[in-house]
Amino acid sequence: MIDILDFKGVRVHMIGIGGSSMSGLAEMLLHEGYTLTGSDNTHSHAVERLEKEGIHIQIGHRAENVHGAALIIFSAAILPDNPERQEAARLGIPEMERSVLLGQLMRFHRHAVCVSGAHGKTTTSAMIAQILLDCGLDPAVSIGGRLDAIGGGSRDGGREVFVAEACEYHSSFLEMHPTLAVVLNIDEDHLDYYGDIEHIEKAFGDFLSLVPPTGTALGWGDDPRVQRLFSSLGCRTLFFGDGEECDFRTVNMTRGEHGNTSFDVSFRGRILGHVDLKVVGDKNRLDALAAFAAAYLCGADAGGACASLSSFAGAHRRFEKTGVIDGVSMYHDYGHNPAEMRIAVHNAVMQRPHAVWAVVQPHTYSRVITLFDAYLTCTEEADHTLVTDICAAREKDPGTINSAMLVEGMRKNGIDAVLTPSFDDCEKYLRSHWQPGDLVITMGCGDINLLNEQMHTHGDTK
């Protein structure tokens, strides 16, 4: 088995180094003293940041980029036909998938907190990281988004706690070494890989089986799939949620005008503290409850944890307000499947704008095919929906699906949907039709966030 510890002092090359998780792991390795190079398709903000830290990064994937490297690290999105991976195989350079590296880095920590679930991993992991920091602990962190409290997506902390997202994509979370496994939910996604929800549930069961007998599994108690999997575990099991049988619950809840919630946190009937959330929606309330429980189990002070959650402003690209143009509030959300988009649109509606414009960038052909029907209603709470071209990401166009088909299906479901293939098309349509007091929410995990940047750069038109 390849061990990252054997590659200190030699060159490690990371393919796709600008990805949200890969860039964080690169920072972590750099701070541990590893010699790194990398490559990526685009010159993103993440690439810029890594270059400023001294990492030489090539834009474009070419065989010669791996020459002289002792180890190749790649993400599941980098397929074997990638020219750099092909050249590494030809030269006999060992390769390590991103999740294997993440699992290895957490091995030497007392608490390895692995946050899994179809939705909410980044927000919950970010909340846990901020709580631990605010409570005086020194966590190592690897999350898929940027958190201002740690200045990015990673932090090379002490050996007490490691906080990481445990992603189910291609069963990556089976490479983790959790002592505290958090399951936020089990839902349909990545059906091109799993095929159906039954195989997804099985994968989560395999992930939970990695928790040692001395460890803990913490899960959403209102999810019957989670309950079913927890019933057969040999480690300690705890539930968070709204049900009476849940160990951690929110009680005495009130809701603000714009969807933010205030509540007391209770553990088995005992009030541990009070939280006034800034981030909106019931999903964030449950994520905050899960984060409190995880941090509390790792030794965080209950009062300090509640105060930290009350100050939490969100991770970047998670219902993030990017600014105001022409009196229109601009938001972006990383949600990239219909369930997440539905939540983001609901949170937008809760802001009580004059009208909500949902801008959808569908992500990958396979996801659109497998979740097609769910896409057709996920923006039904919005007043208007714009749909861009599908973000191919790692995939090739099969020629059987396109965004026009989504728009047609949305219209049949009563949604005011318009096809705006490019970002320029989106900007032109929005500026021609929006009114002061409206709200625009762009959604997707591709590069749709750049639409917000583009529009802010162009500024007000008045």
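The values are calculated or read from the model by the stated rules, or taken from the named source; none is laboratory data. What you see is a predicted model; the values in this text were computed from it and never measured. A quick note on method: Cβ atoms are made from the backbone with ideal geometry, for glycine too, and the neighbour counts reach across all protein chains shown.
Return yes when residue 261 is surrounded by 18 or more Cβ atoms within 10 Å (Cβ to Cβ), at pLDDT below 95 and β-branched (Val, Ile, Thr) and no when it is not.
In short, yes.
Criterion applied to 377, 442 was being modelled with pLDDT of 95 or more, in contact with a strand residue (DSSP E or B) (Cβ under 8 Å, 6 or more places away or on another chain) and either of a type in the set (Lys, Arg) or closer than 26 Å to residue 120 by Cβ (or both), and the one residue passing it is 442. Counting the residues of the range 406-423 that are touching a helix residue (DSSP H, G or I) at 6+ places or on another chain (Cβ under 8 Å) and not aromatic (Phe, Trp, Tyr) gives 8. Restricting the range 317-341 to residues that are among the small types (Gly, Ala, Ser) and under 18 Å from residue 377 (Cα atoms) leaves a set whose member that is surrounded by the fewest Cβ atoms within 10 Å (Cβ to Cβ) is 339. One residue alone among 276, 282, 287 is crowded, with 24+ Cβ neighbours inside 10 Å and of a type in the set (Asp, Glu), and that residue is 287. Against the test of being modelled with pLDDT of 95 or more, surrounded by 22 or more Cβ atoms within 10 Å (Cβ to Cβ), assigned by TED's automatic domain parsing to the domain that holds residue 222 and not in a strand (DSSP E or B), the options 307, 295 yield a single qualifying residue, 295.
Show the residue pairs meeting these rules: Cβ distance below 6 Å; 6+ apart or different chains; first residue within the range 435-462 and touching a residue at least 60 places away in the same chain (Cβ under 8 Å) and at positive phi; second residue buried (at least 21 other Cβ atoms within 10 Å of the Cβ) and in a helix (DSSP H, G or I). Listed by first residue and then by second, the contacts come to nothing, as the list is empty.
Inspection of the range 424-434 finds no residue satisfying the criterion of being within 16 Å of residue 328 (Cβ to Cβ) and in contact with a Cys (Cβ under 9 Å, 6 or more places away or on another chain). Does the range 32-55 include one or more residues that are in contact with a Ser or Thr (Cβ under 7 Å, 6 or more places away or on another chain) and closer than 24 Å to residue 166 by Cβ? Yes, that holds for at least one residue. In contact (Cβ under 8 Å) with a residue 40 or more places away in the chain, over 17 Å from the mean Cα position of the chain (by Cα), closer than 21 Å to residue 252 by Cα and outside the structural domain of residue 373 (by TED's automatic domain parsing): is that true of residue 277 in this structure? Taking the combined requirement at face value, the residue does not satisfy it. Selection of helices (runs of 4 or more DSSP H) fully inside the range 128-234 by the criterion of at least 3 residues being under 28 Å from residue 371 (Cβ atoms) and at pLDDT 95 or above returns 197-208, 224-230. When residue 81 is tested against (1) among the acidic types (Asp, Glu); (2) out of contact with any Lys or Arg (no Cβ under 9 Å at 6 or more places or on another chain); (3) farther than 21 Å from residue 172 by Cα, exactly one condition is not met: (3).
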